[in-house]
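Each remark here refers to the structure printed beneath this line.
The values are calculated or read from the model by the stated rules, or taken from the named source; none is laboratory data. Just so it is clear, the structure is predicted and the values come from calculations on it, not from any experiment. All Cβ positions, glycine included, derive from the backbone under ideal geometry; neighbour counts span all protein chains shown.
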Amino acid sequence: MERKAQRYFLWVALLVLGTIWILASHNRTTPYQTADGMIFGTYYHITYQCDSDLKAEIDKELKRFDGSLSPFNDTATITRVNRNEDITPDTLFTNVFRRSMEISKETDGAFDITIAPLANAWGFGFKKGTFPDSVMIDSLLEITGYSKVTLSEEGKVRKSDERIMLSCSAIAKGYAVDIISRLLAKKGIRNFMVDIGGEVVVRGENPKKDLWHIGINKPVDDTTPASQVLQTVLNVTDVGIATSGNYRNFYYKDGKKYAHTIDPRTGYPVQHSILSATVIAKDCMSADAYATAFMVMGLEEAERFADAHPDINAYFIYTDKKGDLQMYYTKGMKRFVASK
């Protein structure tokens, strides 16, 4: 009887300890980690709820991405494609290429990754250019146009002219955000924010158990981000967000302002009233490309396109005829804008 009693009390004790451990584990809050660094010439900031520090894995994935899509990397896939080397591009490159072609067709060429020679000529690309004249622009337009480059069934890039060069700068950063988001999701992480140079994906809830708060900067001409004033705040989760604007990357020549957004259809920097375009989409790669396309289109065309595509939401900041700042956003965007 004594042995049975001892065994009984032992099982009871183990059951009590197990219950206490389960309750303690359930009530313990998993901490939020942060990872910060530089990539693609810009910053990244990642917040995620996890017991482990994943910075090394994040950096490894970003390095892999840099080796595929950074035109500043001499051995990157995109650089080798631009040099017309006979290679079969990796999956990262082909995914971006295919999505780029889709959005180029949707936007009638307002978005176009063959913009590289024009961007370089105007001084906004990955090669130093000289200020172009109309003759140079006309010659560069001959090698610009998304329909002049394709991906063969074997997965190789085919160009109609070997002088064609690609730049995925208006979509690759957004895709990098998606890639890191997928890395975190595969590890079972439900709550996180991935921010690479202002392109963002948010999932779940923030450390305060609330929606994530993402600010849209007031467009003030300033080539440095030292002074940032928020125009509005978005309350969001489970979306990709990207902003494109002409108020930081620009220069003046002979008293005229030249912004970095170049219309691939005309060859010239845009001169629209729209100052910034913020897009919310299911993935950041698409949001990134659409934001650039809207800056190329200008306000009226961008409004029509955004209203006709309910799967994306847009917020535009522009100047009216008096030079005052005005805002326009789609009906779907209204639910994300924080009330003042």
- [ ] Name every residue in the stretch 55-94 that is surrounded by fewer than 19 Cβ atoms within 10 Å (Cβ to Cβ), part of a loop (DSSP other than H, G, I, E, B) and in contact (Cβ under 8 Å) with a residue 40 or more places away in the chain, in order of residue number.
- [x] F72, N84, D86, I87, T88
- [ ] Name, by its number, the condition in (1) modelled with pLDDT under 85; (2) surrounded by 20 or more Cβ atoms within 10 Å (Cβ to Cβ) that does not hold for S276.
- [x] (1)
Open item on the list: Name the single residue that is modelled with the lowest pLDDT among those in the stretch 303-340 being among the hydroxyl-bearing types (S, T, Y) and assigned to a loop (DSSP other than H, G, I, E, B).
Closed with: S339
Open item on the list: I'm trying to understand the selection: among the residues of the stretch 107-126, which are of a type in the set (D, E) and under 16 Å from S244 (Cβ atoms)?
Closed with: D112
Open item on the list: Exactly one of these conditions fails for A308: (1) hydrophobic (A, V, I, L, M, F, W, C); (2) within 16 Å of K105 (Cα to Cα); (3) crowded, with 24+ Cβ neighbours inside 10 Å. Give me its number.
Closed with: (3)
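With the condition being of a type in the set (A, V, I, L, M, F, W, C), outside the structural domain of K55 (by TED's automatic domain parsing) and in contact with a helix residue (DSSP H, G or I) (Cβ under 7 Å, 6 or more places away or on another chain), I'd like the helices (runs of 4 or more DSSP H) fully within the stretch 95-199 carrying at least 2 qualifying residues. Even if it seems obvious, please write down each step before you answer.
On the way: elements: 116-121, 134-141, 172-186.
Here the list reads 172-186.
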Task: Selection within the stretch 150-180 - out of contact with any Asp or Glu (no Cβ under 9 Å at 6 or more places or on another chain), closer than 18 Å to P71 by Cα and not charged (D, E, K, R) - done: V157, I164, M165, L166, S167, C168, S169
